[in-house]
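Heads up, the thing below is written out as structure tokens.
The values are calculated or read from the model by the stated rules, or taken from the named source; none is laboratory data. Quantities reported herein were computed from a predicted structural model and do not represent experimental measurements. FYI the Cβ positions are ideal-geometry reconstructions off the backbone, even for glycines, and counts take in every protein chain you see. These area figures cover heavy atoms from the full protein model, side chains too; ligands, DNA and RNA do not enter into them. Shrake-Rupley method; radii C 1.70, N 1.55, O 1.52, S 1.80 Å.
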Amino acid sequence: MLALCALGATAGVHAAGGDDASPAVLLAKVLGPDRASEGDIGTDASGVRQIGGGASGEGGEDPGRAPVQTPAPAPVPAPTPDAAPEPTPNPDDDAPGPPDAPLDPSDPMSPDYNPYLVPGDPAFVSDDEKSAWLGREAVVRTCMADAGFEYLDWQWWLGGSPQPADLTADEALAWSNALRGSSTADDGCRAQAMTAAEAAEAAGTPLSAPVPAPPGPEVPTERENWLGFQAAVRSCMAELGLEYRYWEYWNPAYDSTDGSPARPTGLSDSANAEWNLAAFGDTSDTNAGGGCWATGLGSSGYRTFD
């Protein structure tokens, strides 16, 4: 069941020094096939319809007219050998922007849709599974309290995190070690809960706990919370004069084979490095726990856990 606790079943994340979201695993999820081209008509990052120039027509001169005399073009000075080329966008880039209109909440691609709560969806989690999970969580919470740590209520199918907010890096590391165990042994509270669950199952009294009623439609889904977080990242990048594209981690339309789907394509190596540094705090595609990603996490309050 823990394997399902990732963001959108495939995008669970950790931040440096803690257990909050990082792009490293999110981006691994979206490294898929190239986005399908839609020809000359597409959308930019703001969702505005864009129409590219088509091929120019071909034809001979009108035989009834004299050829038009045009002045010779002025010579263009050659660039200096050490001049760095300016990054140019890819003219064939058809990255999708935000949807033109909200999708029906029953559409699996809608931000309103939670696959874990929809019977018939392959990711659906039954009440029996939820009850068993919450029974183990009660053991984890008691174990963590005995170790001197708070462990918040957590229904992973709704997103969120059991780790208290605003921990320092050292506090977050100590909290995580208590939950997961030491580097040499699987002796943390999570392992103790699994051992207790196995013993209870063998005794014919499996662990369980009451399942709270599902939240109403007025409560944002994990996807909607994630989009709010991404909007905060986009705003931070815009303040730095950099584009950060809209994308949905659950939607294959935004899959990318060239790093983050939020990064414009067609940039030079130096421009890619500049973008990565601003977005993630590192010039490579890996996350260093900083940049606008960290700023967006702080300003949006978005949290996830696995």
Completion exercise
By accessible area (1.4 Å), largest first, 219, 140 order as 219, 140
Handout entry: the stretch 201-269, accessible surface, carbon-and-sulfur percent (1.4 angstrom probe)
Key = 57
Problem - Label point 7 Å beyond Cα of residue 194 along Cβ direction - residues of the stretch 127-145 with amide nitrogen under 20 Å - result: 129-145
Problem - Peptide ranges 199-205, 166-172 listed from the most packed, as the mean C-beta count within 10 angstrom indicates - result: 166-172, 199-205
Handout entry: Label-point separation in nm, residue 274 to residue 185, each point 7 Å along Cα→Cβ
Key = 5.3
Practice task
List the residues whose amide H sits under 5 Å from the amide H of residue 268, counting only those 5 or more places along or on another chain, with H placed 1.01 Å from N in the peptide plane.
Solution key: 88
Problem - Amide proton proximity set for residue 256, modelled H, under 5 Å, gap of 5+ - result: 31, 32
Fill in the blank from the handout: Compactness check, the stretch 160-306: C-alpha Rg relative to the 2.2 N^0.38 Å globular estimate gives 1.36
Practice task
Could you quote the convex hull projected area for the stretch 118-190, Cα atoms only and averaged over all directions, in nm²?
Solution key: 6.0
Problem - Accessible surface, the stretch 107-179, averaged per residue in Å² (probe 1.4 Å) - result: 47
Problem - Under 5 Å, built H, 5+ apart or other chain: amide partners of residue 118 - result: 125
Exercise for the section: For residue 224 and residue 174, calculate 0.36 nm times their separation in residues minus their Cα-Cα distance, and state this gained length in nm to one decimal. Expected result: 14.9 nm
Fill in the blank from the handout: At R0 = 22 Å the Cβ-Cβ FRET efficiency linking residue 147 and residue 202, nearest 0.05, sits at 0.30
